[in-house]
1. Using only the alpha-carbon atoms, what does the chain span along each of its principal axes? Please give whole angstrom values in decreasing order.
2. In terms of the Cα gyration tensor, with a ≥ b ≥ c the square roots of its eigenvalues, is the range 323-380 rounded because a/c is under 1.5, prolate because a/b exceeds b/c, or oblate?
3. Between G255 and residues 5 or more places away or on another chain, which pairs have amide H atoms under 5 Å apart, with H built 1.01 Å from N, and which residues are they?
4. List the residues whose amide H sits under 5 Å from the amide H of M77, counting only those 5 or more places along or on another chain, with H placed 1.01 Å from N in the peptide plane.
5. Under 1.5 on a/c is rounded, so check that first for the range 1-153, then, if it is not, pick prolate when a/b is larger than b/c and oblate when it is not; a ≥ b ≥ c are the square roots of the alpha carbon gyration tensor eigenvalues.
6. Could you please rank D33, D358, placing first whichever residue has the fewest other Cβ atoms within 10 Å of its Cβ?
7. Just subtract the alpha-carbon distance of V325 and H31 from 0.36 nm times their residue separation and send over the number in nm, one decimal.
8. Which whole-number percentage describes the relative contact order of the chain, with Cα contacts under 8 Å and a sequence gap of 6 or more?
Amino acid sequence: MITRNPCIANLKAGYLFPEIAKRRREYAASHPDAKIISLGVGNTTEPILPHINAGLTEGARKLGTIEGYSGYQDEGMAALREKISSVFYGGKFSIDEVFISDGAKCDIGRLQILFGSNAKIAVQDPSYPVYVDGSVLAGAAGGWEGTGYAGITYLPCTAENNFFPNLDLIPQNSIVYFCSPNNPTGAVANRAQLSALVETSVKKGCIIVFDAAYSEFIRDPSLPKTIYEIEGAAQCAIEVNSFSKPAGFTGVRLGWSVVPKTLKYASGESINADWNRIAGTIFNGASNVAQEGGLAALDDEGLKEIRKLTDFYLGNAKLIRDALVSLGIKCIGGDNSPYIWAHFPGRDSWEVFAEILDKCQVVTTPGAGFGPAGQSFIRFSAFGHRADVEEACKRLEKKL
Ligand code: PL4
């Protein structure tokens, strides 16, 4: 018989989001009359807006015609790669530095294969669980050690440091996962902070994996929407991004990664060339239909729809944050991000999760699920229908 992959055995718990779904199901089973509202998983709820949807429909129609049919498009449509470079990066990157993906999470997994089991990892704590769990699966954990993984350095992001980590903790020659606007805290790093991150990474020989999946929620014009607004970033950063949240493509599946040709290993070899090799070997490209939708999302009309959709979710975020603040609960996030990070000092976050579910029939996400520094926090997601969010806020105000 084959033996179990020890990397899987190294995982310390199940994946967070299925665990939330399981607890919701268990609660529903024992409370059949409860009208449960989810402010838990960050899953989009609103229909794709008409212009972008027409792009998807047109993509499907074209596939049924001899002149419009297309098959494999491994690295993605050239037109979409060009459009991404021009819309998000001022045309700074050539199309062979922009790789179309089936979503940011999928590319993060492939990046973990790229960097392999010898990589030293640094993550913001708390952070999107895929950075740690995926690294463990790729063998980068280096074994289990007490409350953490040897080989993975947690960078605490707490109220005391304004949710921006102490960069001195970043190990030399490591892969640094950094997410801004942040999931789960909702904090957005400012220009000075990102400049310090880039400077530190260059000095220490690190590569930043910058997750900008929520960049379209930024409303404060002084806040960088991409790491490449920072000088020197093309020497030390890969950026992953996604159409999931801004265009409602969580189910459609479309994203991209930027891997500049200026990125090098210690040996001087090209990271871009290796990424091309990985992508070409274990990925067969994003759906052509999704890519046509992505093209529509990035023209003038599509960008207006992205603004409208993200404004809608930010409206939800304001309602949730106002409701929590009215209860005297300290919160951050929700202004340039769809997540609100609420503090329940001295409390266990799974216990608070259970209390909110029990008293309000509202599903949230316990902060401890995102890392040790998430203890005593709850993440509220602003993805939901407006009527559900309003009802959830009423229940929180009345019953919490
Ligand atoms: C539940 C920082 C959500 N099943 O859709 P993708 O793959 O382009 O993007 C996923 C993603 C990437 N980067 C960040 C994210 O927060 C997310 C989505 N996170 C959440 O509630 O934290 C959805 C989670 C989904 C999952 O496991 O990703």
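Derivation of every value follows stated rules applied to the coordinates shown; laboratory data play no part. This is a predicted model, so every value here is computed, not measured. We place every Cβ from the backbone using ideal geometry, glycine too, and count neighbours over all the protein chains shown.
1. 56, 56, 51
2. Here the range 323-380 falls in the rounded category.
3. S101, D102, G103, F243
4. Long-range HN contacts for M77: none found.
5. It comes out oblate by the Cα gyration axes.
6. In increasing order of surrounding Cβ atoms, one gets D33, D358.
7. Separation in residues times 0.36 nm, less the Cα-Cα distance, equals 103.0 nm.
8. 23 percent
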